[in-house]
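A.B. asks: Would you mind keeping the following structure in view while I ask a few things?
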Amino acid sequence: MDIFHLIYSNTHHKETHQKESIKNPCEVETKTITRTSMAWLRNLSKFSNIKSSQRPNKTDPFFLLPSFTFFSHFSSQPIEEKPYVKPVEHSSGLEPTKPHEKPRVVVLGSGWAGCRLMKGLDPHIYDIVCVSPRNHMVFTPLLASTCVGTLEFRSVAEPIGRIQPAISREPGSYFFLANCTSIDAHNHTVECETVTDGEQTIDPWKFTVSYDKLVIALGSHPSTFGIQGVNEHAIFLREVYHAQEIRRKLLLNLMLSDVPGIPEEEKQRLLHCVVVGGGPTGVEFSGELSDFIMKDVRQRYTHVKDYIRVTLIEANEILSSFDDRLRLYATKQLTKSGVRLVRGIVKDVKAQKIILNDGTEVPYGLLVWSTGVGPSPIIQSLDLPKAPGGRVGVDEWLRVPSVQDVFSIGDCSGFVESTGRPTLPALAQVAERQGKYLANTLNKIGKAGAGHANSGKEIELGDPFVYKHLGSMATIGRYKALVDLRQSKEGKGIALAGVLSFFIWRSAYITRVVSWRNRFYVFINWITTLVFGRDISRL
């Protein structure tokens, strides 16, 4: 009836307009416009009379997007802005799997342990769900090389979808860019919150994921030992964005120091790079930085080449887990490269200087912190058994005791005291080996028909996990490296240093890069750097 009424009204007004146009054109035109506008608005109001059930739900996230009102462009009155209404937090998510469906394995984290686990899981047995704040795995041994341009950033990052293609293809497998906020082991659920990028994005969205098997592989957190100012002023070296930040800061200081009128003291501060921590990460970054200074900075920043320097601060001895002869060799080579070694403990970190325990003040333009790792806040907050040091406690088969269907691997896990086993070091090879072992174990459980929740109590898991150390390697710059193949610090084995060790180091790591795609990238980057030098563009 509304459509017929609209047609009748428009026809009626057209006839009225034709009759009145004969009498007084000006008067008729004004009246016609007024009548036509009023009729048009009346008809429009009939179409806007929609039932309340057909209106958009105000909790719908699409309804919360900014509206674009056509009439606002023609209104002479300012539009009153409605107050912002915070969206209702939904608890929707993945429901528990049904008996006829594939069981679901939820993996928290995308580090060495979690990615090796997902790579080994059989997608024909399980649906695989990964929850992580990053959608890639970082090949951390080569991360220091990206800070100075030896390698490109994408050469050390492998997307999750390439590691386990089922996450992108299978209908029941997913990747969620989110953080785990809590775990309810009794109800087999994980509470998650999406990751957002700054204040201009949507509010974090909370959701729940039900699991049949849960693997906690959340990694570790940089240790600051409660020192004030570390989180505010220092840069860690654990993620790709850390390396990007270091590179931008380093190149910015180089360019600022070349500006006319910069005081001598400020120029020395800007070009002083301080590395705290003498482990493999700190030593490798210091070596890469010294190479960058000697081969690239001295050629392209000749005005400030004599001001830039590197200081490595360590409380004890550098590379404490390596053979004594290798540590002595590394100390001599770093000193030859221009790296100043300082033994001391950082007491406080300020915006432009650090203060040691003896009162010495060390000004810096770039501060990199690599003093080891510890449990992350989320690991500390979980109501699960703990191992010495605050890690999630596991038994010999990497299961979390006292709860069903929960496993933990990588830097966030450690053996409970009842096992009598020591806590394993936070190394990539430990995490990778645990991920491979647990993938085989879960596949065995799934093939036995015990993949669903609370159904694997009587399954024999086979041999417990045993870790054998394969050795350690580290590069120290100037085409030299250390290779220590002993199984322990007190054990016997091969210990090499020099140019030959450098080629062994490169050969070992290029074969350990996850995909052929990234191996090709790394190889091409090494050749490009050798022939043309490092790129110094600040992008």
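The values are calculated or read from the model by the stated rules, or taken from the named source; none is laboratory data. Bear in mind the structure is a predicted one, so any value in this text is a computation, not a measurement. All Cβ positions, even for glycine, are placed from backbone atoms using ideal geometry, and neighbour counts span all protein chains on display. Heads up: the accessible areas ignore ligands, DNA and RNA and are worked out on the full protein's heavy atoms, side chains in. Shrake-Rupley method; radii C 1.70, N 1.55, O 1.52, S 1.80 Å.
A.B. asks: With respect to the numbered conditions (1) open to solvent by 10 Å² or more (accessible area, probe 1.4 Å); (2) free of Cβ contacts under 8 Å to residues at least 24 places away in the same chain, which one is the sole condition not fulfilled by Asn440?
C.D. replies: Looking at each condition in turn, Asn440 falls short on (2).
A.B. asks: Give Gly109, Gly120, Gly114, Gly93 a once-over and let me know the one that is at pLDDT below 95 and either over 16 Å from Arg162 (Cα atoms) or out of contact with any His (no Cβ under 7 Å at 6 or more places or on another chain) (or both). Break it down into steps so the answer makes sense when it comes.
C.D. replies: Numbers: Gly109 fails: at pLDDT below 95; Gly120 fails: at pLDDT below 95; Gly114 fails: at pLDDT below 95.
Testing whether each residue is at pLDDT below 95 and either over 16 Å from Arg162 (Cα atoms) or out of contact with any His (no Cβ under 7 Å at 6 or more places or on another chain) (or both) leaves just Gly93.
A.B. asks: Using beta carbons and a limit of 8 Å, which pairs, at least six apart or on different chains, have the first residue in the stretch 454-466 and closer than 24 Å to Glu432 by Cα and the second one at pLDDT 85 or above and among the aromatic types (Phe, Trp, Tyr)?
C.D. replies: What qualifies is Leu461/Trp397; Pro464/Trp397; Phe465/Trp397; Phe465/Tyr437.
A.B. asks: Just to verify a result, which residue in the stretch 95-137, among those that are charged (D, E, K, R) and more than 19 Å from the chain's Cα centre (by Cα), is most open to solvent (accessible area, probe 1.4 Å)?
C.D. replies: Within the stretch 95-137, the first condition is being charged (D, E, K, R), and the residues that meet it are 95, 98, 101-102, 104, 116, 119, 122, 127, 134.
Now drop any that are not more than 19 Å from the chain's Cα centre (by Cα), which leaves 95, 98, 101-102, 104, 122, 127.
On the way: Glu95: 126, Lys98: 107, Glu101: 75, Lys102: 60, Arg104: 25, Asp122: 44, Asp127: 22 Å².
Looking at the filtered set, the residue picked out is Glu95.
A.B. asks: Related question: Give the residues of the stretch 222-264 that are part of a loop (DSSP other than H, G, I, E, B) and among the β-branched types (Val, Ile, Thr), sorted by residue number.
C.D. replies: Residues of the stretch 222-264 part of a loop (DSSP other than H, G, I, E, B): 223-229, 234, 237-239, 258-263.
Thr224, Ile227, Val259, Ile262 - these are the residues of the stretch 222-264 that are part of a loop (DSSP other than H, G, I, E, B) and among the β-branched types (Val, Ile, Thr).
A.B. asks: What number of residues in the stretch 501-530 are open to solvent by 90 Å² or more (accessible area, probe 1.4 Å), farther than 24 Å from Ile246 by Cα and either of a type in the set (A, V, I, L, M, F, W, C) or outside any helix (DSSP H, G or I) (or both)?
C.D. replies: Summing the residues that are open to solvent by 90 Å² or more (accessible area, probe 1.4 Å), farther than 24 Å from Ile246 by Cα and either of a type in the set (A, V, I, L, M, F, W, C) or outside any helix (DSSP H, G or I) (or both) in the stretch 501-530 gives 3.
A.B. asks: Something else now. Any chance the stretch 383-399 includes a residue that's under 22 Å from Glu432 (Cβ atoms), in contact with a Leu (Cβ under 8 Å, 6 or more places away or on another chain) and not in a strand (DSSP E or B)?
C.D. replies: Yes, some residue in the stretch 383-399 is under 22 Å from Glu432 (Cβ atoms), in contact with a Leu (Cβ under 8 Å, 6 or more places away or on another chain) and not in a strand (DSSP E or B).
A.B. asks: Ok, one more. Can you tell me which residues in the stretch 296-312 are open to solvent by less than 10 Å² (accessible area, probe 1.4 Å) and out of contact with any Ser or Thr (no Cβ under 8 Å at 6 or more places or on another chain)?
C.D. replies: Asp296, Val297, Thr311
A.B. asks: Restricting attention to the stretch 341-358, which residues are surrounded by 15 or more Cβ atoms within 10 Å (Cβ to Cβ), of a type in the set (D, E, K, R) and more than 29 Å from the chain's Cα centre (by Cα)?
C.D. replies: Correct list: empty.
A.B. asks: Still on this model: For residues that are of a type in the set (A, V, I, L, M, F, W, C) and in contact with a strand residue (DSSP E or B) (Cβ under 9 Å, 6 or more places away or on another chain), scanning just the stretch 466-479, find the one that is most open to solvent (accessible area, probe 1.4 Å).
C.D. replies: This residue is Met473.
A.B. asks: Answer yes or no: is there a residue in the stretch 360-382 that is of a type in the set (Asp, Glu) and either outside any strand (DSSP E or B) or touching a residue at least 24 places away in the same chain (Cβ under 8 Å) (or both).
C.D. replies: no
A.B. asks: Looking at (1) surrounded by fewer than 18 Cβ atoms within 10 Å (Cβ to Cβ); (2) assigned to a helix (DSSP H, G or I); (3) modelled with pLDDT under 95, find the lone condition where Lys492 falls short.
C.D. replies: (2)
A.B. asks: Within the stretch 195-226, can you find the residues that are β-branched (Val, Ile, Thr), out of contact with any Asp or Glu (no Cβ under 7 Å at 6 or more places or on another chain) and either on the phi > 0 side of the Ramachandran plot or at pLDDT 95 or above (or both)?
C.D. replies: Residues satisfying the conditions are Val209, Val215, Ile216.
A.B. asks: Could you count how many residues in the stretch 316-333 are within 24 Å of Asn357 (Cα to Cα) and surrounded by 14 or more Cβ atoms within 10 Å (Cβ to Cβ)?
C.D. replies: Final tally of qualifying residues: 4.
A.B. asks: Please count how many residues of the stretch 239-295 are over 22 Å from the mean Cα position of the chain (by Cα) and either without any contact (Cβ under 8 Å) to a residue 12 or more places away in the chain or open to solvent by 50 Å² or more (accessible area, probe 1.4 Å) (or both).
C.D. replies: The total comes to 15.
A.B. asks: So, Thr423, is that one open to solvent by 30 Å² or more (accessible area, probe 1.4 Å), of a type in the set (S, T, N, Q) and either free of Cβ contacts under 8 Å to residues at least 60 places away in the same chain or not in a loop (DSSP other than H, G, I, E, B) (or both) or not?
C.D. replies: Working: open to solvent by 30 Å² or more (accessible area, probe 1.4 Å): yes; of a type in the set (S, T, N, Q): yes; either free of Cβ contacts under 8 Å to residues at least 60 places away in the same chain or not in a loop (DSSP other than H, G, I, E, B) (or both): yes.
It is true that Thr423 is open to solvent by 30 Å² or more (accessible area, probe 1.4 Å), of a type in the set (S, T, N, Q) and either free of Cβ contacts under 8 Å to residues at least 60 places away in the same chain or not in a loop (DSSP other than H, G, I, E, B) (or both).
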